[in-house]
Every structure is written in C-alpha cells, then in structure tokens.
Amino acid sequence: MSYFLPHLPSGWHVDQAILAEEDRVVVIRFGHDYDPVCMKMDETLYGIAEKLKNFAVVYLCDITEVPDFNKMYELYDPCAVMFFYRNKHIMVDLGTGNNNKINWAIENKQELIDIVEVVYRGASKGRGLVVSPKDYSTRLKY
C-alpha cells in the first residue's frame, strides 16, 4: 500500500510538507517500505487517507533514505507515526509513556481515524498534547 501514498524523498521535502500545510494535520510515517510492521500501518493509512483528506494529509518517509530526523525525533523503531499541525509537533498520550509517536501498527482503521481526529481537534485549539480516545497501556497482554 505504500506505493499509493506520497513519499518524501529528502529532508527538505519533509520540512516543506510540515511547513506548507496550514489547515490540516500532517501525518508522517517514518520507517521502511519493506518492514512488515510498516506494511500493516501503510495499509491502514492508505485505507483512511481518503476519509481524512479534509483535515489531514498522510506522507511516508524512509528513515534510511532521509536520516536527517532520526536523532531529532528518536526514530529507532522500525515504524513510527508522528503528527504535525501548523509547523508544530503534536504529541499524543496513548498510555504507553512515549507521547512523541506511535511505534506499532494499528490495524483497526476506525481507531486510527479517531486518533487523527483527536489530534486535529486538540491542535486546532492550540494544544500540544492530546489524549488518545483509547488507552494502549494494556495493548500487549501477556
């Protein structure tokens, strides 16, 4: 599914994608197209991209091709989804302790739509940290 979503081939393109968007949330998936976790996340992102087009835009960025942001955003996971609004990084409290990004694949499309919607509503009100509608602290049940 990553072939259908726009890729950002350089650090300049990532900056421009974040800077140029005034009214919508910019959702960027950092990772590799060949990674299984990213493939699942890309499929979900592709499935919701059309529904979110009025208030969010989705991009993909390969962290090997564009290593500029790896240290800045601590992109050490195979897949990471981050949200930006009006050139500001929007953090999401998912209950996992890491509020900067989502670093696992969300396969339920409605869950991801809800998260992006909460990010848009909170960010448009000026909030830098929003609370996810679902608590993912018990996501891994041992």
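Condition first: under 20 Å from GLU22 (Cβ atoms), loosely packed, with under 15 Cβ neighbours inside 10 Å and over 13 Å from the mean Cα position of the chain (by Cα). Can you find one or more residues in the stretch 113-124 that meet it? Yes; the residues of the stretch 113-124 include at least one that is under 20 Å from GLU22 (Cβ atoms), loosely packed, with under 15 Cβ neighbours inside 10 Å and over 13 Å from the mean Cα position of the chain (by Cα).
Does PHE69 satisfy being touching a residue at least 60 places away in the same chain (Cβ under 8 Å), among the aromatic types (Phe, Trp, Tyr) and under 22 Å from MET91 (Cβ atoms)? Against the criterion (touching a residue at least 60 places away in the same chain (Cβ under 8 Å), among the aromatic types (Phe, Trp, Tyr) and under 22 Å from MET91 (Cβ atoms)), PHE69 does not qualify. Candidates are the residues of the stretch 33-87 that are of a type in the set (Asp, Glu) and not in a loop (DSSP other than H, G, I, E, B); the one that is farthest from ALA20 (Cα to Cα) is GLU43.
For the stretch 19-35, the set of residues classified as surrounded by 14 or more Cβ atoms within 10 Å (Cβ to Cβ), more than 20 Å from TYR76 (Cα to Cα) and touching a Lys or Arg at 6+ places or on another chain (Cβ under 9 Å) consists of GLU21, ARG24, listed by residue number. Here ASN99 fulfils each of the conditions (1) in a loop (DSSP other than H, G, I, E, B); (2) modelled with pLDDT of 90 or more; (3) under 24 Å from LEU19 (Cβ atoms) apart from (2).
The values are calculated or read from the model by the stated rules, or taken from the named source; none is laboratory data. What you are looking at is a predicted structure, and each value in this text was computed from that prediction instead of being measured. All Cβ positions, glycine included, derive from the backbone under ideal geometry; neighbour counts span all protein chains shown.
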